[in-house]
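A quick write-up on the structure given underneath.
The values are calculated or read from the model by the stated rules, or taken from the named source; none is laboratory data. Worth saying up front: this structure is predicted, and the values here are computed from it rather than measured. Note that each Cβ is placed from the backbone with ideal geometry, even for glycine, and that neighbours are counted across all protein chains shown. Protein only, heavy atoms only, side chains kept; ligands, DNA and RNA dropped before computing areas. Shrake-Rupley method; radii C 1.70, N 1.55, O 1.52, S 1.80 Å.
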Amino acid sequence: MLNALLRPNAIKLSHTTATRFLATSAAHHYQAKANFVGYVAQEPKRSSNVNGVDYCRYTVVTKDKFIKPKEGETPVEPSSSYFTIFAYGHSVERVSRLLKGSLVSVEASIRSESVAPQAHGGEWKNNLHYKHERVMVLRRPKDGLPDLEA
């Protein structure tokens, strides 16, 4: 078996596989994903869109890593980043119960949308939309609340 792996002709590829290795297009659709670990910044908001589809919007705040200042420099407080995430379908009910201040780990898919200058009077703009896939509560703001996974 080991000799077969070491021989250059031991691995046979089908014509389809060899073609796919050289192709410029993907055989499958790939999705951009994001993972956030941060705090729920405000109570989630439930609503429905113009087509009547229910959704829940919540914001996760993350803090950048603290960088130790060099000798003689003044320490700089790390900045915070806010990410608005939208949940649809069966996740709406569970996500709407998240509490402000909960430490969460969120997995979301990312969709990019380009906005033309005519739409807002400036240059081309690129918006990122985060669609909720799952959330796990790592720490609740108060004791005695049940675990929540969505």
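Quick look at the numbers
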| read-out | value |
| --- | --- |
| Residue within segment 120-127 that is outside any loop (DSSP other than H, G, I, E, B), over 13 Å from Lys33 (Cα atoms), open to solvent by less than 60 Å² (accessible area, probe 1.4 Å) and modelled with pLDDT under 95 present | yes |
| Long-range neighbours under 7 Å by Cβ, at least six apart or interchain, first residue without any contact (Cβ under 8 Å) to a residue 24 or more places away in the chain within segment 60-88, second surrounded by 10 or more Cβ atoms within 10 Å (Cβ to Cβ) and basic (Lys, Arg) | Pro78/Lys63; Ser80/Lys63 |
| Residues that are aliphatic (A, V, I, L, M) and open to solvent by less than 40 Å² (accessible area, probe 1.4 Å), drawn from segment 90-114 | Val92, Val95, Leu98, Leu103, Val104, Val106, Ala108 |
